[in-house]
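A.B. asks: Please read through the structure below; I'll follow up with questions.
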């Protein structure tokens, strides 16, 4: 059962599935990277993009899980073009290695889906000594996007097809700390709150797309950058909260989206003709939406960009 089925201007609603929002779309000839593709909405996103004809490269930490996902997709869709490459978003060296290997392979890149994420973890630092949620959800994707941007620009020029960068954010960005991004306290365990920190990383996803979109527009580049909320979904992201995990298992079928619905907005923003030329926006339920005011703050977006550049030097 799904509680809210009202369609938005796009013709889709919170109950629309990834297959429904891409019905009739031919993605043959497009190449897409999906991070975090070995589980949850990343797997469903990869499956539906492959179903529509795209060549999908899954960027994953767990290559054994990715092998199982690939085999399952190819079994269902014999024509699927799908590959896996190792990628740990919490490690800058892993991100650099992935980007280097991708470029060495000479592959084009039309669509980059920054999907991987962790949620509400206890305070930990990444290998690069950055708070783990900020490192994984934002900084890793920020670096990955920058390293692959020239490949995307070249592909857009050669193919005359619009490139699309899609950041999977969350409505939880509204839970960020009062100041939005704690630039001077990113790695400070005092005052750390696992949900505020998660919200901060998801706000960063929105601000990243905002500033990137501005730079792409100024450069006259045929690439869009957007962020989205996939919906509250039954996935293993809840594993760090026993109480919420229990509620999810009990109430999930009534109030939460399933994975097919959860991947819909990602697939819509990545493939749908209605999203052509739309950039720097925030989507929810396969429709345009509005983030918290800080998510539209251009000065904050630029400050985060400069801060992220310094962290990834």
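A.B. asks: Working out 0.36 nm times the residue gap between residue 183 and residue 306, then minus their Cα-Cα distance, what length gain in nm do you get to one decimal?
C.D. replies: Value of the extension gain: 43.2 nm.
A.B. asks: When only C-alpha pairs under 8 Å and at least 6 residues apart count, what is the relative contact order of the chain, in percent?
C.D. replies: 22
A.B. asks: Report relative contact order for the range 20-128 in percent, whole number only (criteria: Cα-Cα under 8 Å, sequence separation at least 6). Spell out each step's value before the answer.
C.D. replies: Details: 166 pairs, mean separation 32.6, N = 109.
Computed value for the range 20-128: 30 percent relative contact order.
A.B. asks: Among 169, 38, 93, 213, what is the fewest-to-most ranking by other Cβ atoms within 10 Å?
C.D. replies: With the sparsest Cβ surroundings first, the list reads 93, 213, 38, 169.
A.B. asks: So how do 202, 153 line up by other beta-carbon neighbours within 10 Å, fewest first?
C.D. replies: Values: 202 28, 153 17.
Ordered by Cβ neighbours within 10 Å, fewest first: 153, 202.
A.B. asks: Right, here's the next one. For the range 25-108, what class follows from the C-alpha gyration tensor (a ≥ b ≥ c being the square roots of its eigenvalues): rounded when a/c is under 1.5, otherwise prolate if a/b is larger than b/c, else oblate?
C.D. replies: oblate
A.B. asks: Between the range 2-63 and the range 82-153, what's the alpha-carbon centroid distance in Å?
C.D. replies: Comparing the Cα centres of the range 2-63 and the range 82-153, I get a distance of 19 Å.
A.B. asks: Share of antiparallel DSSP beta bridges in the chain, in percent to the nearest 5?
C.D. replies: That works out to approximately 10 percent antiparallel.
A.B. asks: On full extension of the chain, what length is gained from residue 190 through residue 19, given 0.36 nm per residue of separation minus the C-alpha to C-alpha distance?
C.D. replies: Between residue 190 and residue 19, full extension yields an extra 57.1 nm.
A.B. asks: So what is the relative contact order for the range 127-202, in percent, with contacts set as C-alpha pairs under 8 Å and at least six apart?
C.D. replies: About 45 percent, as a whole number.
A.B. asks: Taking the Cα of residue 127, stepping 7 Å toward and past its beta carbon, and measuring to each backbone N in the range 286-313: which are under 20 Å?
C.D. replies: Within reach of a label on residue 127, which here means backbone N under 20 Å from a point 7 Å along Cα→Cβ, the range 286-313 contributes 309-313.
A.B. asks: Calculate the FRET efficiency for residue 174 and residue 86 from the Cβ-Cβ distance with a Förster distance of 30 Å, rounded to the nearest 0.05.
C.D. replies: Given R0 = 30 Å and the Cβ-Cβ separation, E is 0.35.
A.B. asks: First check a/c for the range 47-155, with a ≥ b ≥ c the square roots of the eigenvalues of its C-alpha gyration tensor; if it is under 1.5, answer rounded, and if not, answer prolate when a/b is larger than b/c or oblate otherwise.
C.D. replies: oblate
A.B. asks: Note the direction-averaged projected area, equal to a quarter of the hull surface, for the Cα convex hull of the range 128-188, in nm². It would help to have the intermediate numbers written out before the result.
C.D. replies: Numbers: hull surface 22.2 nm².
Average of the hull's projected areas for the range 128-188 equals 5.5 nm².
A.B. asks: Of 148, 212, 107, which has the largest mean-square fluctuation in a 10 Å C-alpha GNM of the chain?
C.D. replies: In the Gaussian network model the winner is 107.
A.B. asks: I'd like the FRET efficiency for residue 290 and residue 162, computed as 1/(1 + (r/R0)^6) with the beta carbon distance as r and R0 of 30 Å, rounded to 0.05. Kindly include the intermediate steps, with their values, before the conclusion.
C.D. replies: On the way: r = 24 Å, r/R0 = 0.79.
After rounding to 0.05, the efficiency reads 0.80.
A.B. asks: Separate question: Neighbour counts of other C-beta atoms within 10 Å: give me 181, 41, 25 arranged from fewest to most.
C.D. replies: Fewest-to-most Cβ neighbours within 10 Å comes out as 25, 181, 41.
Coordinate-derived values only; no laboratory data. As the structure is a computational prediction, the values presented were derived from the model and not from experiment. Neighbour counts run over all protein chains shown; Cβ positions are idealised from the backbone, glycine included.
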